1. Do any residues in the stretch 122-138 that are closer than 20 Å to ARG69 by Cα have Cβ atoms under 9 Å from those of residues that are surrounded by fewer than 19 Cβ atoms within 10 Å (Cβ to Cβ) and hydrophobic (A, V, I, L, M, F, W, C), where the two are at least six apart or on different chains, and which pairs are they?
2. If I ask for residues that are charged (D, E, K, R) and modelled with pLDDT of 95 or more, which ones from the stretch 258-288 would you list?
3. Could you check the stretch 226-246 and list, in sequence order, the residues that are out of contact with any Gly (no Cβ under 6 Å at 6 or more places or on another chain) and open to solvent by 10 Å² or more (accessible area, probe 1.4 Å)?
4. Given the options SER194, SER139, SER183, name the one that is assigned to a strand (DSSP E or B), crowded, with 23+ Cβ neighbours inside 10 Å and outside the structural domain of GLN240 (by the TED database).
5. Of all residues in the stretch 197-211, count the ones that are open to solvent by less than 50 Å² (accessible area, probe 1.4 Å) and farther than 16 Å from VAL234 by Cα.
6. Determine, yes or no, whether PRO274 is in a loop (DSSP other than H, G, I, E, B) and either open to solvent by 30 Å² or more (accessible area, probe 1.4 Å) or not aliphatic (A, V, I, L, M) (or both).
7. Just to be sure I understand, how many residues within the stretch 306-326 are touching a strand residue (DSSP E or B) at 6+ places or on another chain (Cβ under 6 Å), open to solvent by 20 Å² or more (accessible area, probe 1.4 Å) and polar (S, T, N, Q)?
8. Which count do you get for residues in the stretch 118-136 that are open to solvent by less than 20 Å² (accessible area, probe 1.4 Å) and closer than 26 Å to VAL8 by Cβ?
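The values are calculated or read from the model by the stated rules, or taken from the named source; none is laboratory data. Quick caveat, the model's predicted, so the values are computed rather than measured. When we count neighbours, we look across all protein chains shown, and the Cβ atoms used for this are built from the backbone with ideal geometry, even at glycine. Accessible surface areas use protein heavy atoms only, side chains included; no ligands, DNA or RNA. Shrake-Rupley method; radii C 1.70, N 1.55, O 1.52, S 1.80 Å.
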Amino acid sequence: MIVPSKYVFLVGPISFSGPYCQHNIVFQLDGTIIAPTDAKSWGSGIMQWLEFTKLVGITVKGSGVIDGRGSVWWLDTPYDDPLDDELKLIIPLNKTLLRHPPTPLNSSLSGKMPSIKPTALRFYGSFNVTVTGITIQNSQQCHLKFDNCIGVLVNNITVSSPGDSPNTDGIHLQNSKDALIRSSNIACGDDCVSIQTGCTNVYVHNINCGPGHGISIGSLGKDNTKACVSNITVKDVIMQNTMNGVRIKTWQGGSGSVQGVFFSNIQMNEVQLPIVIDQFYCDKSRCKNQTAAVALSDINYAGIKGTYTVKPVHLACSDSMPCQDVTMMNIQLKPIQERYHMYDPFCWQTFGELYTPTQPPIECLQVGKPTSNKIQADHDQC
C-alpha cells in the first residue's frame, strides 16, 4: 500500500485488521496523513487513530509524516488528566509548585473534543512489526504504541511534539516481547519510551530524547494489579533537558516483579532527575499506603554522565519489598543551578553495590542484601 509523496491525506480513525491477511504487507508512507480536528469525526471517543491489528509481518516505512494535529486535544485537557508524579520532587526557587495551570473552562475550545484521546499509530496482536523512517508528530495522546506484539523493530523514526503537550508519550510498549528500538529522535510531552507490564527482551539504543520525561519502565501495579517486566536494556542514549532520565515507577499495592534491567552509557544534559526509582508513584492527588509492592531486583546503572538541575539520584523503594541488587558504576553527574531547589542523592530501602566511586557520592545505597528478605509469595512470581 502506497501513500505517495507530495500529497496530504485527511484520514479519520481507521483499523487495518487481520488475521486473514497476506503476510509481510508493506505500508509505504511517503506522503503526509493528517487527522481530523472536528469532534464529530471521533464520535464519543476512540482509543486509536491509525491501527494495525492481528497481522504477521507488517512494515510501515518511508519518509512520510503522520500528523495528529493534537493541539485541539491538548487545549482540552480535563482537570483529572494524570500528571507526572515526579513533579512532587521539583520545587522552583520561587516556591510555586509545577502543576499545570488549569485550562479556563470558558476557553472557546473547551469541551470540544471527546475526553478519550486517541493514540496516533497503534499495533495490536501482531508478529514481526517494523516501523522505519517515518515521522509521527503532534499526536493527540501517545504517538506510537505496541500492544501484545512479538518481534518489534523501530528504526530511524522521528517523534515530535511540544514538551508541554499532555500525556504525549513517544513509544509505548505493553505485553510485548523481543523489541528493538534504535537510532531515533524523540521529542514529546511525556515519556520518550514507556515500557509497561508484560514486556520482556526489550533493547533500546542510540536514542535522542528531549524534551520529554525520559525513558521509563512503568508505571506498574496500578489498582493492585500484577506486573511482570524482565530483561530490559537501555544504552547509548542522550537526554536533553528532560524531566527524568532513566526511571522505574510502580504503584503501592501491586505485585509481580521487575528484574534484569541495564541502563548504560547515558548522557544527561540538564536533566532534572537523571536516575529515579519511585515505588510510591501516584498520578492523582492522594493514594493510600499499601504494603504490597512490585519487587525490583537486578537493576544496573553504568556510565551515567552529565548534568542535573534538581536531584541526581532518587531511589524510593518499598518498605516491605526493598530493591535488591541495584548496582552503580561510573556515575558522574554534576549540578547546574537553574530555577529549582537542588538536593543530594536520596535512597530509601535500596540495597546493592557501588562498583566505583560516584559523583556525587551515593552514600545512601545500602551494601548487601536486606535483612528482612521477604521471599515473594507464589502468586507474586512472574
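1. From residues that are closer than 20 Å to ARG69 by Cα, the pairs are ARG122/MET47.
2. Those that are charged (D, E, K, R) and modelled with pLDDT of 95 or more: GLU270, ASP278.
3. Of everything in the stretch 226-246, those that are out of contact with any Gly (no Cβ under 6 Å at 6 or more places or on another chain) and open to solvent by 10 Å² or more (accessible area, probe 1.4 Å) turn out to be THR233, LYS235, ASP236, ILE238, MET243.
4. After applying the criteria, what remains is SER194.
5. 2
6. For PRO274, the condition - in a loop (DSSP other than H, G, I, E, B) and either open to solvent by 30 Å² or more (accessible area, probe 1.4 Å) or not aliphatic (A, V, I, L, M) (or both) - is not met.
7. Qualifying residue count for the region: 2.
8. 9
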